[in-house]
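Working notes, structure below.
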Amino acid sequence: MDEYEDTLLVLVNQTLDLMWPLALFFILLLTYPPLAVWRCVRWLFTFPWPMQDRVVLITGASSGIGEHIAYEYARLGARLALVARREERLEEVEDNCKSLGSPDVQIIQADVSKEEDCKQVVEETVQHFQRLDTLLLNAGVAHIYSFEEADDTKGFGPIMDVNFWGYVYTTKFALPHLRRSQGQIVVNDSIVSFLPQAKTSIYNASKAAVSQFFETLRVELGSAVPITVFLPGAIKSEMTDGKVLLPDGKVASPDEAFRLRNEAGFGLFPLLPTSALARRVVKAARYRRPRVVIPSWYKTMFYLKIFEPELLYTSLRIFWSGRPSFAKRLSEIFGGGIKPPGPKEFERGGFRKDE
Ligand SMILES: NC(=O)c1ccc[n+]([C@@H]2O[C@H](COP(=O)([O-])OP(=O)(O)OC[C@H]3O[C@@H](n4cnc5c(N)ncnc54)[C@H](OP(=O)(O)O)[C@@H]3O)[C@@H](O)[C@H]2O)c1
């Protein structure tokens, strides 16, 4: 009986293998024109959410993308809960946000790789502001080493703990409050969730997990809590300056960061200034866009991966192979936005801050 059922199932799947692509072609042909009209109507009649006095919780607000997103919300008059581990940096960001127009800023020192800290972050925010309107998940850590050259595995887990579990736990605790306020979730993912950039395999995997988690959550939540996932390309920040986790789990010092950043040749991709990204993120969130790639030219890589994966994988391999890699040589030849930060930019004992 089992054998008969299995044969039948194989036949059904073989029929679907043949018929489904054809059926889908006709479905697309029929549905695309009305969908295009609907998109135009939606575009015309979607207005940005007013942010005055709304409460926005931002994780990883002490530097880089999170810091600049905080400034954008501050300009719109939002009240802010800023989360990170470095309290002094948060205090600086708090002062800047207040001078930009935020009526109330709360800073919360927390390590989002810990479930209890994620809970505390949400509880403290709601206790202070009595509501939560936007949860902006941004805190993250990366690495710059190929999987094979890592001489230790201790550094793998923390990347997943911050980048994936930190997002998941904070969302779990924030969701009841977001439902109550008809709020939204904004997620900092990355283009590496679909683009297999070399030397960041664990980081890429954490971002792919984030992508799929929030796409699934979007299906589960429907329109009750809109989710905006943004996928940045290469952006100026401490991370792209080389402040990354080493295989032993320790954070690279400015000296190590300088070496790593220069060796890897990541400068191949022209960096986008952090403030330019932040403006586009906040705009996309206020219009409740489901998914945005910033800058949008990286979207072409997605189509390349689907239609000509051979070309994409071969070029990525060529770019990152050799010592120095082709990517590094290119970044040395070009200058400007493509050039990695120089020693001067690391001078303050820290990392380059976006101008
Ligand atoms: N820069 C890019 O090219 C790029 C591209 C795509 C996506 N992204 C994503 O953008 C996000 C922000 O990165 P960034 O580029 O702005 O780099 P960044 O300047 O290094 O910012 C990282 C932020 O995350 C915080 N953070 C790290 N670990 C934390 C932890 N355990 N608990 C709480 N906060 C923690 C850091 O604060 P503390 O150290 O004070 O805790 C800092 O505020 C990350 O999710 C990253 O993956 C960046």
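FYI, it's all coordinate maths here, none of it is from the lab. What you see is a predicted model, and the numbers here were worked out from it, not measured in a lab. Neighbour counts run over all protein chains shown; Cβ positions are idealised from the backbone, glycine included.
What to note about this one:
- Computed E for TYR4/SER275 - FRET, C-beta separation, R0 51 angstrom, nearest 0.05: 0.20
- Computed extension gain for SER99 through ASP255, at 0.36 nm per residue and net of the alpha carbon distance, reaches 52.8 nm.
- Cleavage-rule hits (GluC sites (Glu not before Pro)) in the range 123-223: DSSP loop, at most 16 neighbouring Cβ within 10 angstrom: GLU148, GLU149
- Among 163-175, 92-104, 221-233, 15-27, sorting by the average number of other beta carbon atoms lying within 10 angstrom of each residue, highest first, gives 163-175, 221-233, 92-104, 15-27.
- Label separation (GLU220 vs GLN182): 2.4 nm, computed from points 7 Å beyond Cα along the C-beta direction.
- DSSP bridge analysis restricted to the chain gives an antiparallel fraction near 5%, rounded to the nearest 5.
- FRET E, pair HIS128, VAL168, Förster distance 22 Å, beta-carbon r, rounded to 0.05: 0.40
- Extent along the principal axes, Cα only, for the range 55-346: 56, 43, 35 Å, with the longest axis given first.
- Gained length - TRP20 relative to TRP43, 0.36 nm times residue gap less alpha-carbon distance: 5.1 nm
- DSSP-assigned coil residues among trypsin sites (Lys or Arg not before Pro) in the range 29-63, each with at most 16 further Cβ atoms within 10 Å: none
- The range 65-104: equivalent-ellipsoid semi-axes (sqrt of 5 x gyration tensor eigenvalues, Cα, Å): 16, 10, 8
- Each principal axis of the Cα cloud of the range 130-220 was taken in turn, and the coordinate range along them, longest first, works out to 48, 23, 17 Å.
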